[in-house]
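Reading through the structure tokens given below for one structure.
The values are calculated or read from the model by the stated rules, or taken from the named source; none is laboratory data. Quick caveat: nothing in here was measured; it's all calculated off a predicted structure. In this analysis, Cβ positions are derived from the backbone assuming ideal geometry, glycine residues included, and neighbour counts consider all displayed protein chains. The area values use the complete protein model at the heavy-atom level, side chains included, leaving out ligands, DNA and RNA. Shrake-Rupley method; radii C 1.70, N 1.55, O 1.52, S 1.80 Å.
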Amino acid sequence: MDTFAFIIHPINPKRDVQRKFPLLGKVLTERQIDFFSTFFPPVYISEITGIVSQATGKEIKGWFVACPLTPRRMLELPERVVYRKIIQTGRMAERLGAKILGLGAFTSVVGDGGITVAKALDVPVTTGDSYTVAIAVDALREAARLMEIPLASATVAVVGATGAIGRISAALLAREAGEVYLIGRRQHALEAARADVAAAGARAVLHVSTDMRDLRHAQLILTVTSALDAVIEPEHLQPGSVVCDVARPRDVAAHVAAARDDVLVIDGGMVEVPGPVDFHFDFGFPPGKAYACMAETMVLALEGRFEDYTVGKALSLARVEEIARLASKHGFRLSGFRSFEKAVTAEHIARVRALAQERRRAQRLGR
Ligand SMILES: NC(=O)c1ccc[n+]([C@@H]2O[C@H](COP(=O)([O-])OP(=O)(O)OC[C@H]3O[C@@H](n4cnc5c(N)ncnc54)[C@H](OP(=O)(O)O)[C@@H]3O)[C@@H](O)[C@H]2O)c1
């Protein structure tokens with residue numbers, strides 16, 4: 001049987017450590033978990049069974065293995081120390097018999113985005129970023145449809161537009177939207193991103209900005225920074241806007257949901273997996289659903305494409321389109337929306353639209 005493995009790591013240290021080690025997660029503080037994570041070895045998490053292609057009937061098996069480092073540690077420690085820990089975790093995947101390895105969350109953010117790790121390991125590697133882009137853009141399109149925001153005339157903002165996922169997502173959205181704001185921290189890098197997005201066939205008017213207040217121009221926002229703390233606050237958003245948050249840790253502050261009931265915040269990157277999949281581990285999603293980056297690894301295993309697929313920070317549109325086609329062929333689908341770990345219902349969307357209309361009317365009347 002063909003096989004894969006996927007590296008996960010604690011993102012919200014206390015909550016995620018408790019998922020595997022209830023007592024440790026309970027007694028240690030977040031700072032202690034951050035500190036001890038440096039000395040902890042890689043951890044075997046679980047076997048993944050029941051993934052079956054809808055196209056070919058082929059079944060695959062996989063494993064979750066964990067790199068113990070938290071996002072904060074991965075950014076604080078020297079890159080070579082972080083690479084060493086990810087490579088050790090990859091070796092565990094090799095010993096289990098994995099034929100391809102996916103790099104989850106920050107294990108694909110650090111350094112060169114998987115190039116050094118792929119060179120050191122015998123097993124082929126993918127970051128999963130190509131399918132993450134495809135699904136994030138799909139989610140924004142679908143949310144726009146539900147909120148009756150016509151994409152062709154909409155203003156879209158991409159936060160983290162200089163990053164691996166942000167830049168190529170902006171390129172795709174700029175082919176369809178009216179205007180696109182590329183938002184980041186470094187003016188020079190944003191100008192380079194703007195040139196790439198324009199060269200990829202943009203029809204949208206392009207703007208660059210280092211000011212989060214420019215988010216108020218956008219009806220549709222895709223946010224995908226590697227910030228450790230939230231970067232989007234309630235006052236940044238216009239009534240009726242949609243924010244698709246692909247970042248882990250999240251970019252949208254938890255209090256946005258409570259403060260702005262006239263805005264739709266959705267989690268980016270959740271997909272339905274074909275077959276009676278059992279992860280034998282609760283990573284916070286409902287049964288049968290996975291992150292898009294996990295799904296990319298599964299699709300490659302189902303397809304028998306045992307090669308370094310998405311590595312490095314320069315993603316290709318051709319690969320984004322190819323993995324979306326292969327995923328769809330094997331039965332992977334954009335899943336229903338969730339917002340801060342709760343399902344988004346049709347009633348919720350209708351309520352957001354009604355409240356947004358009310359706020360816009362009040363704004364026009366200057367109240
Ligand atoms: N949901 C999923 O399935 C999935 C899959 C893969 C990755 N992810 C998540 O996606 C995110 C980005 O991944 P990536 O590979 O694209 O990372 P990346 O290439 O390192 O890009 C990160 C971007 O975030 C920006 N940034 C970093 N810190 C910031 C801050 N404090 N404030 C504002 N902007 C900041 C960077 O801007 P500068 O240019 O100024 O540094 C850059 O544009 C991560 O959170 C990762 O965990 C999610």
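Structure notes:
- Result for the chain in a Gaussian network model with C-alpha springs under 10 Å: among ALA98, ALA66, ALA120, the largest mean-square fluctuation is at ALA120.
- With the gyration tensor restricted to C-alpha atoms of the range 112-206, the semi-axes of the equivalent ellipsoid amount to 27, 17, 10 Å, longest first.
- Based on Cα atoms of the chain, Rg over Rh with Rh as the Kirkwood radius reads 0.96.
- Cα-derived Rg over Rh, computed across the range 42-101 with Rh taken as Kirkwood radius: 1.11
- In summary, the lysines within cross-link reach of LYS329, defined as a Cα separation below 26 angstrom excluding same-chain residues under 8 places away, comprise LYS58, LYS61, LYS99, LYS289.
- Reported value for the range 266-367: 168 Å³ per residue, from the convex hull of its C-alpha atoms.
- Mean accessible surface per residue for the range 156-220, computed with a 1.4 Å probe while every protein chain stays in place, in Å²: 41 Å²
- Computed as a quarter of the hull surface, the mean projected area of the alpha carbon convex hull for the range 169-303 stands at 10.1 nm².
- For the range 244-282, backbone nitrogen atoms closer than 15 Å to the point 7 Å from ARG15 Cα along Cα-to-C-beta are found at 245-258, 266-268, 282.
- Average projection, convex hull of the Cα set of the range 159-246: 5.2 square nanometres.
- Mean ellipticity per residue at 222 nm, deg cm²/dmol - from DSSP H runs of n ≥ 4 across the chain, formula -39500 (n - 2.57): -12000 deg cm²/dmol
- Integer Hz, Karplus 6.51/-1.76/1.60 couplings in order for the range 186-199, x for Gly and Pro: 10, 4, 5, 5, 5, 4, 5, 5, 4, 5, 5, 5, 5, 5
- If you sort TYR181, TYR44 by accessible surface, 1.4 Å probe, largest first, the order is TYR44, TYR181.
- Under 5 Å, built H, 5+ apart or other chain: amide partners of VAL265: VAL243
- Projected onto planes of every orientation and averaged, the convex hull of the alpha-carbon atoms in the range 1-153 covers 12.1 nm².
- Whole-angstrom gap from the range 212-270 to the range 26-53, using each part's C-alpha centre: 28 Å
- Degrees between helix 346-364 axis and first principal axis of the chain (Cα, 0 to 90, nearest 10): 40 degrees
- Degrees separating the helix 164-174 axis from the principal Cα axis of the chain, which is the longest one: 40 degrees
- Residue-span extension gain [ILE115 to GLN32] - 0.36 nm each, minus C-alpha spacing: 26.8 nm
- Debye log10 I(q)/I(0) for the range 275-319, one point scatterer per Cα, at q = 0.30, 0.31 Å⁻¹: -1.18, -1.22
- P(r) of the range 68-162 over all Cα-Cα pairs, binned every 10 Å from zero, in whole percent: 14, 37, 24, 17, 9, 0
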